[in-house]
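Take a look at the structure set out below.
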Amino acid sequence: MSNIGSYEEQIKDFDWSISEKELGYKDGDVINIGWYCSDRICEMGKADKTAFIWEGFGGQKKQYTFNDIRLAGNTIGSYLRGLGIKDGDRVCLFMDRIPELYLGFLGVLKIGAIAQPLFSAFGDESLHVRLENAETRAIITQRKHVKKVRKIRDSLPHLEFIIIVDHDGKKPLQEKEIAFSLKDADPVEEFDIFPTKAESPSVLHYTSGTTGQPKGVKHVHYSLIGQYLTSKWVLDLQDDDIYWCTADPGWVTGTSYGIIAPWSLGVTQCVLDTGFSADAWYGFIAKHRVTVWYSAPTAIRSLMKAGEEAVLKHDLSSLRHLASVGEPLNAEAVIWSEKVFGLAFHDTYWQTETGAIMLTNFPGMNIKPGSMGKPFPGITGVILDPETHEPIQEPNKPGLIAFKPGWPSMMRTYWNNEETFQSKFVNGWYLSGDRATIDQDGYFWFVGRDDDVINTGGHLVSPFEVESALLEHEAVAESAVVAKPDDVNMEVVKAFVTLKPGFNQSAELELKIMNFIRKKLSPLAMPQEIEYMDNLPKTRSGKIMRRLLHAKEWGEDIGDTSTLEDDD
Ligand code: PRX
């Protein structure tokens with residue numbers, strides 16, 4: 001029997017107080033996610049239960065009970081407090097998926113500071129814009145990543161502490177740097193957790209838009225109410241589960257469902273800190289007897305490529321529930337997973353901004369392969385007419401996905417950018433920026449994004465950010481960046497550039513430019529292809545027409561070109 005029981009029954013009189021009651025929370029109470037994910041579970045008698053099974057890329061292993069993670073959260077929190085870090089301060093977590101990332105997240109929240117997780121593969125420029133915008137006071141990182149921080153620390157006046165968790169003493173520490181080793185620190189048994197309230201900020205995740213710099217999505221401790229119940233009903237987490245969320249906490253799936261979900265429910269989770277490999281992934285599931293698996297379409301398509309033989313080599317009989325998020329989950333992937341695992345991947349749809357799952361295929365629900373399912377109870381989701389912004393009643397007619405504001409884990413604002421936050425609301429609806437249809441049975445079907453943001457392997461890349469970085473390369477005069485179709489990642493980044501006089505259009509230069517972007521931004525933002533042009537298509541007013549280049553890549557009709565410069 002799944003946790004949700006019947007969907008139809010649950011939506012009838014749904015109220016978020018169901019979640020509040022289960023968590024023992026009442027309006028006005030103190031609510032601290034760090035406490036809920038560790039101390040509370042210990043108080044419930046599960047102190048000795050395994051909370052965390054971790055494996056590194058070199059085969060290293062670590063295991064922690066709920067009492068261990070409670071103590072680690074206290075110890076890191078107490079260390080940060082000792083430095084003078086206080087509630088509301090931004091503390092960036094810039095690490096691979098090592099235990100300190102997960103435990104540091106709890107520590108930061110326990111002192112009421114704001115956790116700002118950033119993907120460890122980010123280059124110095126990606127890091128810089130996000131630390132500058134958040135006015136981050138401390139960054140917790142590893143030796144292998146500190147070089148990138150050193151490059152930018154002098155232009156970040158708010159950054160006071162660069163905390164290195166694996167300093168081996170071989171090389172001297174530099175300006176602002178301090179070493180902290182969880183292993184060598186005395187565990188802090190008694191700790192005054194900061195009494196955060198519902199609206200106290202908790203997590204700041206950066207997400208990319210079409211224009212401008214990345215936006216800091218501000219979440220609050222009350223988001224737990226949404227994350228807890230969606231984990232329980234959608235991921236169906238139960239007491240004896242072994243859960244694996246493959247997402248990196250640099251992105252929202254990796255925090256909402258890769259830390260908060262399992263631990264607030266007192267469920268054991270495991271983490272594998274490696275890149276993708278079908279054999280390693282299946283081996284990990286078999287070894288730890290994983291029961292619930294939350295992953296992403298690009299990974300699933302990569303598994304499909306590895307073929308059924310790879311599946312048959314491992315005993316995956318422990319699996320009982322599979323879910324996916326981040327990009328369109330094609331019908332073939334659902335059908336394939338049913339065939340090879342005997343279980344369908346359940347698609348879920350949400351965003352950094354929504355903080356928790358909004359649309360989903362529930363356990364026990366009839367899955368229509370290729371559909372994102374239905375709104376979570378308590379969520380009003382509609383399709384709006386793009387012109388009038390009124391809900392479309394007719395089934396199967398495409399429009400904008402919108403939600404009625406007011407769910408617990410909704411972002412509270414964009415950091416230092418209230419204006420853009422407000423622009424997301426029209427006629428009392430929150431505009432997701434995605435397009436979809438709803439069929440006669442109430443199932444949502446993804447159509448596409450309503451902007452130029454590139455979703456590559458589930459990660460959003462801003463064409464603006466890549467275009468700006470390209471212009472910093474000595475050879476590039478102009479740039480335009482669009483999505484290009486890809487079998488596995490669905491979309492990859494493609495750049496069109498014109499060169500400055502004196503530079504030749506060569507394959508060697510293409511590689512140099514690619515590498516330049518990889519280092520500055522990240523491997524995800526690196527164009528997979530650079531096409532040289534003599535001129536970029538522009539409107540008469542001089543604006544580069546990305547739309548045209550995009551249509552060319554996707555073999556679509558280029559539409560109205562009457563404003564094109566060369567049309568005269
Ligand atoms: O375009 C939608 C796509 O990913 C966007 C949100 O990305 P992000 O804020 O990085 O959060 C990703 C993880 C929650 C959405 O606006 N997206 C997410 N889930 C799906 C999806 N597109 C199609 N189907 C999905 N299930």
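The values are calculated or read from the model by the stated rules, or taken from the named source; none is laboratory data. Model, not experiment: these values are computed from the prediction. Here the Cβ is made from the backbone with ideal geometry for all residues, glycine too, and neighbour counts use every protein chain on show. Surface areas here come from the heavy atoms of the whole protein model, side chains and all, with no ligands, DNA or RNA. Shrake-Rupley method; radii C 1.70, N 1.55, O 1.52, S 1.80 Å.
Bridgeable lysines around Lys21 (alpha carbons under 21 Å apart, same-chain partners fewer than 8 residues away excluded): Lys12, Lys46, Lys197, Lys232. Put simply, when 456-463, 98-105, 255-262 are sorted by average Cβ atoms within 10 angstrom per residue, most first, you get 255-262, 98-105, 456-463.
Projected onto their three principal axes, the Cα atoms of segment 322-468 cover extents of 48, 38, 28 Å, largest first.
Using only Cα atoms, what is the ratio of the radius of gyration of segment 454-554 to 2.2 N^0.38 Å?
Details: Rg = 12.8 Å, N = 101, 2.2 N^0.38 = 12.7 Å.
My calculation over the Cα atoms of segment 454-554 gives 1.01.
Highest mean first, the peptides 289-296, 152-159 sorted by other C-beta atoms within 10 Å per residue fall in the order 289-296, 152-159.
A straight Cα-to-Cα reach below 19 Å connects Lys151 with the lysines Lys171, Lys176, Lys519, Lys520, residues fewer than 8 places away in its own chain not being considered. Tell me, in nm to one decimal, what length is gained between Leu83 and Gln528 on full extension, where the rule is 0.36 nm per residue of separation less the Cα-Cα distance? In short, 155.9 nm is gained. Ordered by solvent-accessible area of protein heavy atoms (1.4 Å probe), largest first, the residues Glu199, Glu510, Glu177 come out as Glu199, Glu510, Glu177. Convex hull of alpha carbon positions in segment 260-362: directionally averaged projected area 6.7 nm².
The modelled label-to-label distance for the pair Lys147/Arg289, using points 7 Å beyond Cα in the direction of Cβ, is 4.4 nm. The HN-Hα couplings worked out from phi for segment 62-69 by the Karplus form 6.51 cos²θ - 1.76 cosθ + 1.60 (θ = phi - 60°) are 9, 9, 9, 8, 5, 5, 4, 6 Hz, whole numbers, x standing for Gly and Pro. Model label sites at Asn366 and Lys397, defined 7 Å from Cα along the beta-carbon direction, differ in position by 2.5 nm. Measuring nothing but how far apart in sequence close Cα pairs (under 8 Å, 6+ apart) lie, relative to its length, the chain scores a relative contact order of 12 percent. Return, ordered by residue number, the residues of segment 519-546 whose backbone nitrogen is under 20 Å from a label point located 7 Å along Cα→Cβ of Asp486. Only 519-532 pass the distance filter.
With the cut-off at 12 Å, report for segment 229-272 the share of all Cα pairs above it, as a whole percent. When every Cα pair of segment 229-272 is considered, 53 percent fall beyond 12 Å. Calculated on the alpha-carbon coordinates, the convex hull of segment 162-223 measures out at 175 cubic angstrom per residue. Sticking with the crude label model, points 7 Å out along Cα→Cβ, report the distance from Glu418 to Lys552 in nm, one decimal please. Roughly 4.4 nm, to one decimal.
So what's the chain giving for Cα Rg divided by 2.2 N^0.38 Å, two decimals? Write down the numbers at each step before the final one.
Values: Rg = 23.6 Å, N = 568, 2.2 N^0.38 = 24.5 Å.
Dividing the Cα Rg of the chain by 2.2 N^0.38 Å gives 0.96.
Working note: Cα gyration tensor of segment 58-113, eigenvalues times five, square-rooted, sorted largest first, giving semi-axes of 22, 13, 8 Å.
Estimated purely from DSSP H runs of n ≥ 4, each contributing -39500 (n - 2.57), the mean residue ellipticity at 222 nm for the chain is -8000 deg cm²/dmol once divided by its residues.
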